[in-house]
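Here's the structure, in C-alpha cells; my notes come after.
The values are calculated or read from the model by the stated rules, or taken from the named source; none is laboratory data. Because the structure is predicted, anything quoted here is derived from the model rather than measured. All Cβ positions, even for glycine, are placed from backbone atoms using ideal geometry, and neighbour counts span all protein chains on display.
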Amino acid sequence: VQNVSCRRLSAGGAMNIFDRRMKRQQRSWAASLQDSSKYDYLREEVGSRVADRVYDIARTFPLALDVGCGKSHIAEHLSKDVVQRLLLTDITHSALKQRRSCEMPTHCVLADEEFLPFRENTFDLVVSSMSLHWINDLPGALRQIQQVLKPDGVFIGAMVGGETLYELRCSLQLAETEREGGFSPHVSPYTAVTDLGNLLGQAGFSMLTVDIDEIQVHYPGIFEVMNDLQGMGESNCAWNRRALLHRDTMLAAAAVYKEMYGNEDGSVPATFEILYMIGWKPHESQAKPAKRGSATASFGDLSKISQPTPSDQA
Amino acid sequence: MSGPNVWSRSRERIRRFPELFAQCAGEAAAYGKCVAATTTGRQELTKDLCAKEFEALKTCFTNAGHKLHFLFVKHSFCSIWTERH
C-alpha cells in the first residue's frame, strides 16, 4: 500500500502541510495566464457573498484589510460608505497587478497570510476569501488577524473546506486502488466546519458565526475539473502530494467519476463547500453572557404565560 | 505545427484526452460500474479487481487515438497537397 503521509510538526507545534513557495508559484502562474479571468468564477461568487456579509453589518469601516486578496474579488462589491480605505495583501505580485477596480482608495502590500506585517489594533475590518485553506498554521494566522483588528473590529472570512471536491478525491482514490494497489492524497486536507468554531474561539474572537454554503459546478469531465483547478491556482501543493498521475489511473478515474457522480446529460459535478466565518474582537460594548444567579424569571413560569390579548398586539 | 518532440506529443495526447474518452462511453461505464459496486457491496476493492473492464477501456481509448491521429495526418497531407496545386 503506497499510503504516503508526512505531516511535519515544527518546534512550535504548528503543522507544515503545504509548500508555500510552490503555492506562490502556482498562483503567480495562474494570474499571468492570458485568459486567467475565465477561471475566476468561483472567486467572484464567493467574493460577492463575503461582501454581502459586510453589508449586513450596519457600520462604516474607516480602514479594512483583505488577506490573500488575489485579484481582489470582494472590494469591487463594496461601496465607499461601507469601507473608506482598503489594504490588499497577497503572496503573488502578478495577482495584485491585475486587481479589480473598486470605489475606495486601495494600497497593495505583498505579504504572506501567515506573516502579516501590521501593528496590533490597526484595522476596523479584516476580510479574507478563498485563501485560508492553503495556510499551514491556521490557528496562528487567525490569531494574527485578531491582533491586527481594533477592539470591536470584525473579521469576515470565507474558505474552502468540509467535503469540497469529494467527487474528485473519491474517484482518484478508487482508481488508484484498483490500478495501483494503493493511493496517495491528491486533494488537500480541509478544515471541518465543526473545527472552525473552536479555531476562531482559540484565536480570541467572540460572537462567532459560522455557516456553510455549497456551490456545485458542472464540468464536461474530470479532465476539465482538474484543468480549471489549475487555472484557478488551486493545484495541490501539499508536501505529501504525489507528483505523477499515471495515464492509466487518469483514465480509470475519469470512468469512475462519470459512473459514480455523472449527471444525466453527461456532465459531472464538482462540489465546493464554502465555510463562512464572522468573528469579533472583544470590546466592553459587546453583549456578554449574563452572570449566574441574575435571572429574574424562572423557566417553570413559562406554562403560566397566557395567550397575548388583541390589545397587546398593537 | 512545431517540430515533433516528446513534450509537444504528450501535451497533444493530454489535450485530446476528453474527446478520445468520449468515444469509449460504453467501456468507461462498464469499468466504472465494476469499481462503484465495491463501494456498496461487501467486496473490498483490490488491485486489478476490474482489470478485464479496464483493458477493454484502454483498448478502445488507444484505438480512438490512432483513428484520430490518422485523420489528422490525412487532413494535413490534403491541405499541403491543395496548397501546392
Problem set entry | Residues being more than 19 Å from A:T164 (Cβ to Cβ) and not in a helix (DSSP H, G or I) - total across the stretch A:39-55 | 0
Exercise. Looking at the stretch A:258-273, which of its residues are assigned to a strand (DSSP E or B) and within 13 Å of another protein chain (Cβ to nearest Cβ)?
Worked result: A:V268
Exercise. When you scan the stretch A:80-170 for strands (runs of 3 or more DSSP E) that lie fully inside it, which ones turn up with 2 or more residues that are within 14 Å of the chain's Cα centre (by Cα)?
Worked result: A:123-129, A:149-161
Problem set entry | Flag for A:Q202 being touching a residue at least 60 places away in the same chain (Cβ under 8 Å) and surrounded by fewer than 15 Cβ atoms within 10 Å (Cβ to Cβ) | yes
Problem set entry | Condition met for B:I14 (within 10 Å of chain A (Cβ to nearest Cβ), modelled with pLDDT under 90 and part of a helix (DSSP H, G or I)) | yes
Seminar exercise, completed: When (1) under 18 Å from A:I74 (Cα atoms); (2) free of Cβ contacts under 8 Å to residues at least 40 places away in the same chain; (3) out of contact with any strand residue (DSSP E or B) (no Cβ under 8 Å at 6 or more places or on another chain) are applied to A:V109, the one that fails is (3)
For this session: Check the stretch A:145-156 and report whether any residue there is at pLDDT 95 or above, out of contact with any Phe, Trp or Tyr (no Cβ under 7 Å at 6 or more places or on another chain) and buried (at least 23 other Cβ atoms within 10 Å of the Cβ).
Result: yes
For this session: Might you check whether a residue that is buried (at least 16 other Cβ atoms within 10 Å of the Cβ), within 14 Å of another protein chain (Cβ to nearest Cβ), touching a residue at least 24 places away in the same chain (Cβ under 8 Å) and not in a helix (DSSP H, G or I) occurs anywhere in the stretch A:278-288?
Result: no
Exercise. Quick check, is A:S303 loosely packed, with under 12 Cβ neighbours inside 10 Å, more than 14 Å from chain B (Cβ to nearest Cβ) and without any contact (Cβ under 8 Å) to a residue 40 or more places away in the chain?
Worked result: yes
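Per-residue answers, yes or no, for (1) part of a helix (DSSP H, G or I); (2) closer than 24 Å to A:I145 by Cα:
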| position | (1), (2) |
| --- | --- |
| A:L196 | yes, yes |
| A:G201 | yes, yes |
| A:D211 | no, yes |
| A:I215 | no, no |
| A:F223 | yes, no |
| A:M226 | yes, no |
| A:L229 | yes, no |
| A:E234 | no, yes |
Seminar exercise, completed: Exception for A:I222 within (1) surrounded by fewer than 22 Cβ atoms within 10 Å (Cβ to Cβ); (2) in contact with a strand residue (DSSP E or B) (Cβ under 8 Å, 6 or more places away or on another chain) falls at (1)
Problem set entry | Single residue of A:S171, A:S184, A:S188, A:S206 found to be within 14 Å of chain B (Cβ to nearest Cβ) and polar (S, T, N, Q) | A:S171
For this session: Mind counting the residues in the stretch A:75-91 that are over 9 Å from A:M104 (Cβ atoms), among the aliphatic types (A, V, I, L, M) and modelled with pLDDT under 95?
Result: 1
Exercise. Quick one: in the stretch B:26-37, which of the residues that are within 8 Å of chain A (Cβ to nearest Cβ) and either of a type outside the set (D, E, K, R) or farther than 15 Å from A:E259 by Cα (or both) is farthest from the chain's Cα centre (by Cα)?
Worked result: B:A36
Problem set entry | Verdict on A:M207 being on the phi > 0 side of the Ramachandran plot, in contact (Cβ under 8 Å) with a residue 60 or more places away in the chain and not in a loop (DSSP other than H, G, I, E, B) | yes
For this session: May I ask you to list the residues in the stretch A:56-69 that are over 15 Å from A:D124 (Cβ atoms) and either part of a helix (DSSP H, G or I) or without any contact (Cβ under 8 Å) to a residue 24 or more places away in the chain (or both)?
Result: A:D56
Exercise. Which of the residues belonging to the stretch A:147-168 are within 14 Å of another protein chain (Cβ to nearest Cβ) and touching a helix residue (DSSP H, G or I) at 6+ places or on another chain (Cβ under 6 Å)?
Worked result: A:E167
Exercise. Looking at A:S37, A:S128, A:S94, A:S72, which one is buried (at least 20 other Cβ atoms within 10 Å of the Cβ), at pLDDT below 95 and closer than 30 Å to A:Q216 by Cβ?
Worked result: A:S72
For this session: Taking the residues in the stretch A:236-257 that are assigned to a loop (DSSP other than H, G, I, E, B), touching a residue at least 40 places away in the same chain (Cβ under 8 Å) and not aromatic (F, W, Y) as candidates, determine which candidate is farthest from A:V187 (Cα to Cα).
Result: A:H246
